[in-house]
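Visitor: Here's a structure for you.
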Amino acid sequence: MATDQQERQQDETLVLKTISSSGQLVRIDADEFVAFPQSGQRKASRWIPSKSLSIFVLLPVLVAGIYNFVIATPRYTSEVSFIVRENKANTGVAALIGEGGLTRSDEASYAVVTYLESRDAVKFLDSDGMLSSIFSGASIDFGSRFPSWINGSSFDEFYKHFQHYYDVEYSSTTGIVSLETQGFTPIDAQKIASRLLEGAEKLVNALGDTAKADAIRLARQNVADAQTKLALIQKEITDFRNDSRLLTPDVEMKMNSEIITGLMSELSTADAQLSQLLQGSPDNPRVKELQLRRDALRDQLDQFRARLSGSDNSLTQKMEAYSEIFLRKQIAEKVLVNAFATLGKAELDAAKKQLYIDEVVTPGVSDVSEHMRPLLNVFLTLILTFSAYWTVKTAWELAMDEG
């Protein structure tokens with residue numbers, strides 16, 4: 001009896017549940033049954049689209065619209081474009097192949113772009129307080145004013161803040177540097193563009209002056225080196241003449257050669273006369289005289305030959321040493337002449353303007369503010385806030401479903 005009652009109670013505690021995947025009914029014990037939340041509780045735990053959309057999307061867009069269209073100070077733009085040109089002389093091979101003349105300088109253009117994007121350009125803009133006065137005006141809104149509690153007060157913060165108010169681009173195809181500046185009045189935008197252009201011109205002039213100064217300095221150094229080398233060689237020649245006791249070894253060599261030639265001619269004549277006497281009248285008293293003369297000529301000839309090339313101290317050895325020194329002297333003289341010519345050309349080129357800026361578009365004055373920038377700011381705010389809203393909403397729903 002007790003057993004039947006226990007079995008009946010156990011059957012009453014079982015519930016049926018349909019498994020959607022198999023369509024079968026299974027029994028679940030009462031103590032394993034999990035109560036699901038009611039529909040009201042389920043709705044309370046879900047994301048509320050209307051409120052969240054208003055808070056995370058519509059409110060930021062509204063604030064951005066009020067700031068950009070009501071509070072923000074209008075901005076005006078000024079544009080300037082220029083080419084950095086280089087005046088090259090047509091000389092040497094360049095003249096033969098038609099190169100040189102007026103060309104653009106890519107190296108100087110890159111240097112100008114780097115300068116315009118640097119802190120030095122901002123320092124030059126504010127050298128007389130012009131840039132600070134533009135950004136610190138009472139009519140400037142709190143988001144654009146500097147210094148302010150939003151943008152800071154240091155120079156580095158000012159430099160970073162000013163990066164949003166101008167843009168520099170360089171076209172490697174055309175060689176044109178384009179500069180666009182922004183100001184809170186048309187005149188301010190033009191002032192900033194004109195001042196940056198002035199800074200670029202000063203940089204280009206400095207680069208040109210540095211290049212010309214380096215060329216002249218190098219040419220003068222080459223002249224000085226050539227003069228020093230020639231002076232050393234000249235001193236070496238003087239020492240050689242003092243040691244060898246020869247004023248001009250080449251002249252001495254020529255004189256000795258002429259003497260040897262004359263002695264050989266006289267010796268040949270004496271031999272011929274002596275041979276005739278010996279054949280015709282061997283006992284002639286002149287035979288002895290001619291023999292003595294012939295022997296004397298031979299001795300003189302041997303002496304001059306020995307002086308010319310018979311020992312280490314001969315004229316030939318001295319002439320060889322002198323020729324080597326004299327050749328170096330001739331080379332040094334030519335080097336000195338070329339150095340003076342290079343110096344003259346460098347000084348002549350220095351009188352010309354090698355690098356300069358050729359303006360394509362002069363800084364202008366815009367009478368219309370940038371209407372598209374506020375619209376773009378509001379649109380970007382809408383995109384960013386809606387993306388963030390959708391990401392958070394999706395993550396929240398996934399977390400709630402798993403919970």
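Visitor: Quick check, is E370 at pLDDT 85 or above and among the acidic types (D, E)?
Guide: Details: at pLDDT 85 or above: no; among the acidic types (D, E): yes.
When the stated conditions are applied, E370 does not pass them.
Visitor: Can you tell me which residue is nearest to V84 (Cα to Cα) among those in region 116-154 that are within 27 Å of the chain's Cα centre (by Cα) and hydrophobic (A, V, I, L, M, F, W, C)?
Guide: The first filter runs over region 116-154 and keeps only residues within 27 Å of the chain's Cα centre (by Cα), leaving 116-127.
Now restrict to residues that are hydrophobic (A, V, I, L, M, F, W, C): 116, 121-122, 124-125.
Values: L116: 14, A121: 17, V122: 21, F124: 20, L125: 21 Å.
Residue satisfying both the conditions and the ranking: L116.
Visitor: N68 is checked against (1) at pLDDT below 75; (2) over 30 Å from V392 (Cα atoms) and fails just one. What number does that condition carry?
Guide: N68 satisfies all of (1) at pLDDT below 75; (2) over 30 Å from V392 (Cα atoms) except (2).
Visitor: I140 passes all but one of (1) part of a helix (DSSP H, G or I); (2) in contact with a Ser or Thr (Cβ under 7 Å, 6 or more places away or on another chain); which number fails?
Guide: Condition (1) is where I140 drops out.
Visitor: If a residue must be loosely packed, with under 11 Cβ neighbours inside 10 Å and at pLDDT below 85, how many such residues does region 215-238 contain?
Guide: Looking only at that region, the number is 1.
Visitor: Can you work out which of the residues in region 239-286 that are more than 24 Å from Q303 (Cβ to Cβ) and among the acidic types (D, E) is modelled with the lowest pLDDT? Reasoning before the result, please.
Guide: Here is the first cut: in region 239-286, the residues more than 24 Å from Q303 (Cβ to Cβ) are 239, 242, 275-286.
Filter once more, so that each one left must be among the acidic types (D, E): 239, 283.
On the way: D239: 82, D283: 70.
My answer is D283.
Visitor: All but one of (1) at pLDDT below 85; (2) assigned to a loop (DSSP other than H, G, I, E, B) hold for T174; which doesn't?
Guide: Going through the list (1) at pLDDT below 85; (2) assigned to a loop (DSSP other than H, G, I, E, B), T174 breaks only (1).
Visitor: Can you find a residue that is assigned to a helix (DSSP H, G or I) and surrounded by 12 or more Cβ atoms within 10 Å (Cβ to Cβ) anywhere in region 143-155?
Guide: Restricting attention to region 143-155, the residues satisfying the condition of being assigned to a helix (DSSP H, G or I) are 155.
Retained after the next criterion (residues that are surrounded by 12 or more Cβ atoms within 10 Å (Cβ to Cβ)): 155.
Yes: one or more hits.
Visitor: State yes or no: is G364 in contact with a strand residue (DSSP E or B) (Cβ under 9 Å, 6 or more places away or on another chain) and either at pLDDT 80 or above or exposed (fewer than 12 other Cβ atoms within 10 Å of the Cβ) (or both)? Steps first, please.
Guide: Working: in contact with a strand residue (DSSP E or B) (Cβ under 9 Å, 6 or more places away or on another chain): yes; either at pLDDT 80 or above or exposed (fewer than 12 other Cβ atoms within 10 Å of the Cβ) (or both): yes.
Against the criterion (in contact with a strand residue (DSSP E or B) (Cβ under 9 Å, 6 or more places away or on another chain) and either at pLDDT 80 or above or exposed (fewer than 12 other Cβ atoms within 10 Å of the Cβ) (or both)), G364 qualifies.
Visitor: While we're here: Does I233 satisfy the criteria of being in a loop (DSSP other than H, G, I, E, B) and β-branched (V, I, T)?
Guide: Values: in a loop (DSSP other than H, G, I, E, B): no; β-branched (V, I, T): yes.
The answer is no for I233.
Visitor: If R195 satisfies all but one of (1) at pLDDT 95 or above; (2) of a type outside the set (F, W, Y); (3) part of a helix (DSSP H, G or I); (4) in contact with a strand residue (DSSP E or B) (Cβ under 6 Å, 6 or more places away or on another chain), what's the number of the condition it fails?
Guide: With (1) at pLDDT 95 or above; (2) of a type outside the set (F, W, Y); (3) part of a helix (DSSP H, G or I); (4) in contact with a strand residue (DSSP E or B) (Cβ under 6 Å, 6 or more places away or on another chain) applied to R195, the lone miss is (4).
Visitor: List pairs: first residue in region 64-83 and in contact (Cβ under 8 Å) with a residue 12 or more places away in the chain and aliphatic (A, V, I, L, M), second residue part of a strand (DSSP E or B) and crowded, with 19+ Cβ neighbours inside 10 Å anywhere in the structure, Cβ distance under 7 angstrom, at least six positions apart or on different chains.
Guide: These pairs meet every condition: V80/L179.
The values are calculated or read from the model by the stated rules, or taken from the named source; none is laboratory data. Please read all numbers here as calculations on a predicted model, not as lab measurements. Neighbour counts are summed over all protein chains in view; Cβ atoms, including those assigned to glycine, are modelled from backbone coordinates with ideal geometry.
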